[in-house]
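Undergrad: Take a look at this one; I'll ask things after.
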Amino acid sequence: MMLDIESEERKIINEFCHLLEKSKQLFNGLRDLPQYGHKQWQGYFGRTFDIYTKLWKFQQQHRGVLDRKYGLKRWQIGEIASKIGQLYYHYYLRTSETNYLNEAFSFYAAIRGRAYYSRPSREDRTQQERSDLMMKKLRYYARFIVVCLLLKKMKLVRDLVRELSKHIDDYTTSCEPDDQMEWSLVLGEIRAFIEADTVVNILDSDSNTIVLSHRLNPLITPPLERSPMMTLTLQEVIIVGNISEQAKFSELTLDMFRMLQTLEREPQDELAQVYDSSPAPGRTPIENGMLTRRENPHKYLLYKPTLAQLFVFLASGYKELPPNGALLLYLSADGSFPVRPQPEDTGYDLGGVLLQPRQDVEPVVTKTSSSAHVKEHCCLYPGDLFPFTRRPTFLVVDSDNSACFSSIPHYFDMPLVVLMSPQDVPASFQDHAHRGSLFTLFLHSPLSAFCFLTNIVDIPIHLWDKCMAYVDRFTTEASRLLTRCRGVDPSYLNFMGDDFLRVLLCRYIFCDVVIRIHRSFKSPQYYPKCHPSLPELDISENPTLQRYVLDLATQLDVRHVFFPCGEID
């Protein structure tokens, strides 16, 4: 009988080791998968989820044997849970479905709640073992913070940052590692990012800060008078970030962070409070058709991409578009300005936006080159996008050289809209570049941007809700004007049927109207632009829209900041 028990225990240990090794192989193979396209990676992710689900259930069922005979340690259980959390997070990045963020959160929260990484010094004797385990713990904390940031769990984020700071101190004191400076930089980036993202404090009745999500939900979606032209839906999104002075964390600039949330629906399933059950609920993305469910447009996040990388993702995005699909390209980047005084080619002589820092690209200049003809190697020019306008394209450019994209031609008679940020801001707002772009903030949270422009730092939640009603009235009227005004280009009507694009268009108009009647923004260089242009008298200077903005200003007691209706200089 003892021999049978030992034989059975050996089988359990061998099976566990097999599942553990297989899971590591599949997980390591994820980094070799192409980042673009859909079909190339879905099957591999499915196999990886399947093996990790088996591994997790197996260690739960045979924990006693694995503890006694294999010496399974708590941090090893934590590592498996951490890998599953990473799987869900990366699956979210590839599908844009926010419910997978909640799944990742449940695993990461369980690791913390059960203190899987809490006792490295007792369980691991050598200095190298302790150092390796503490490194795993720090990486886990950094990943957990990113997930909590995306879910707007800011109280927990602050708790995690305090814990991470303590663990970094322990790590550097006990191990004297070579990467001490790198972890100090990571901690500094997180703190700067959190501080920069706080534009206005929304307070409850006890003056405690409330953190609101700004993802799309039915309450903030403007109504629509539908027409047969409104057949397009946003299917593919490419978000590019390269602003040199902007707060960033984990290859996400603040602008990218805000825009990716703007283009997601509020999660319907609240799975984020799973603390008391095992972190693997037994559900994988392959079950219940989860692999094919699409509530949000598919997104690519590109931080300082090369031109070659951007072109590959653009080509892949357009290839994946269904017949009535549209692609949105969002560019948040420093401008590259023209050297030719009199532009001959609007595709390339007006400059563009930088995708990489200049020092990352070695210039090729010969003695015979004329400075007026040499182009910036790491610059995306408007002309680079001309071939891609063969499919419906919605372009958002947030840059100090955004206006260079205002001359993209309709070569292929496909719907095309370009929203461009102001190229400059008044001197009083120029010290806030690290806190993200004002234009993107308007697209992300119009009321937050309005408070920022009027120097409102704190606002009670009951007043916030009242003010949101004014913003809703504005966007409702803007939606009505866009669909009824005769001077509006058909491209706008083509895009209005999609909830995300309709919200962006109405918020763009809100930004335009607010800036035009703000006393500090007197010059046209401070105005946003769009292509094709919208009729100013009917939209930007519409008295009804201006009145809604002034009513909002009155509600917040900042009416003096704006010109009276119809009296703009």
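Undergrad: Just checking, which of K152, K248 is open to solvent by 20 Å² or more (accessible area, probe 1.4 Å) and in contact with a Ser or Thr (Cβ under 8 Å, 6 or more places away or on another chain)?
TA: On the way: K248 fails: in contact with a Ser or Thr (Cβ under 8 Å, 6 or more places away or on another chain).
On inspection, the qualifying residue turns out to be K152.
Undergrad: May I pose another question? If you scan the range 313-341, which residues turn out to be closer than 25 Å to R390 by Cβ and of a type in the set (D, E)?
TA: E320
Undergrad: Within the range 11-37, count every residue that is open to solvent by 90 Å² or more (accessible area, probe 1.4 Å) and either among the aromatic types (F, W, Y) or at pLDDT 90 or above (or both).
TA: Keep residues of the range 11-37 that are open to solvent by 90 Å² or more (accessible area, probe 1.4 Å), which gives 11, 14, 18, 21, 24-25, 31-32, 35.
Among the residues that remain, those that are also either among the aromatic types (F, W, Y) or at pLDDT 90 or above (or both) are: 11, 14, 18, 21, 24-25.
Residues meeting the conditions: 6.
Undergrad: Could you tell me which numbered condition K319 fails, if it satisfies all but one of (1) modelled with pLDDT under 90; (2) open to solvent by 70 Å² or more (accessible area, probe 1.4 Å)?
TA: The one condition K319 does not meet is (1).
Undergrad: If you scan the range 138-154, which residues turn out to be more than 20 Å from the chain's Cα centre (by Cα) and basic (K, R)?
TA: Once the filter is applied, which keeps residues that are more than 20 Å from the chain's Cα centre (by Cα) and basic (K, R), the range 138-154 yields only R139.
Undergrad: Is it the case that the range 550-564 has a residue that's basic (K, R), in a helix (DSSP H, G or I) and either more than 15 Å from C451 (Cα to Cα) or open to solvent by 60 Å² or more (accessible area, probe 1.4 Å) (or both)?
TA: Let us first name the residues in the range 550-564 that are basic (K, R), namely 559.
Filter again for in a helix (DSSP H, G or I), leaving 559.
This time we only want the ones that are either more than 15 Å from C451 (Cα to Cα) or open to solvent by 60 Å² or more (accessible area, probe 1.4 Å) (or both), so: 559.
Within the range 550-564 (the criterion being basic (K, R), in a helix (DSSP H, G or I) and either more than 15 Å from C451 (Cα to Cα) or open to solvent by 60 Å² or more (accessible area, probe 1.4 Å) (or both)), the answer is yes, since at least one residue qualifies.
Undergrad: Scan the range 434-447 and tell me whether some residue there is surrounded by fewer than 18 Cβ atoms within 10 Å (Cβ to Cβ) and under 25 Å from the mean Cα position of the chain (by Cα).
TA: Yes, some residue in the range 434-447 is surrounded by fewer than 18 Cβ atoms within 10 Å (Cβ to Cβ) and under 25 Å from the mean Cα position of the chain (by Cα).
Undergrad: Moving to a separate point now. Could you check D458 against (1) open to solvent by less than 30 Å² (accessible area, probe 1.4 Å); (2) in contact with a strand residue (DSSP E or B) (Cβ under 8 Å, 6 or more places away or on another chain) and say which number it fails?
TA: Answer for D458: the failing condition is (1).
Undergrad: Filter the range 494-536 for residues that are surrounded by fewer than 21 Cβ atoms within 10 Å (Cβ to Cβ) and among the acidic types (D, E); which is modelled with the highest pLDDT?
TA: Going through the qualifying residues, I end up with D499.
Undergrad: Hey, another quick one. Is there a residue in the range 398-419 that is assigned to a strand (DSSP E or B) and of a type in the set (S, T, N, Q)? Reasoning before the result, please.
TA: First, the residues of the range 398-419 that are assigned to a strand (DSSP E or B): 398, 416-419.
With of a type in the set (S, T, N, Q) added as a condition, the list becomes none.
No.
Undergrad: While we're looking at this one, here's another question. Would you tally the residues in the range 95-120 being assigned to a helix (DSSP H, G or I) and either open to solvent by 20 Å² or more (accessible area, probe 1.4 Å) or over 29 Å from L302 (Cβ atoms) (or both)?
TA: Taking the range 95-120 first, the residues assigned to a helix (DSSP H, G or I) are 95, 99-113, 120.
Going one step further and asking which of them are either open to solvent by 20 Å² or more (accessible area, probe 1.4 Å) or over 29 Å from L302 (Cβ atoms) (or both), we end up with 109-113, 120.
Result for the range 95-120: 6.
Undergrad: Got at least one residue in the range 452-461 being within 23 Å of D255 (Cβ to Cβ) and assigned to a helix (DSSP H, G or I)?
TA: Scanning the range 452-461 turns up at least one residue that is within 23 Å of D255 (Cβ to Cβ) and assigned to a helix (DSSP H, G or I).
Undergrad: How many residues are surrounded by fewer than 16 Cβ atoms within 10 Å (Cβ to Cβ) and touching a Pro at 6+ places or on another chain (Cβ under 9 Å) if we restrict to the range 187-212?
TA: Residues in the range 187-212 being surrounded by fewer than 16 Cβ atoms within 10 Å (Cβ to Cβ) and touching a Pro at 6+ places or on another chain (Cβ under 9 Å): 3 in total.
Undergrad: Could you grab me the full set of residues in the range 38-68 that are open to solvent by 70 Å² or more (accessible area, probe 1.4 Å) and of a type in the set (S, T, N, Q)?
TA: Selection gives Q40, Q61.
The values are calculated or read from the model by the stated rules, or taken from the named source; none is laboratory data. Computed from a predicted structure; not experimentally measured. Note that each Cβ is placed from the backbone with ideal geometry, even for glycine, and that neighbours are counted across all protein chains shown. When the accessible area is computed, the model is the full protein with side chains, heavy atoms only, and any ligands, DNA or RNA have been set aside. Shrake-Rupley method; radii C 1.70, N 1.55, O 1.52, S 1.80 Å.
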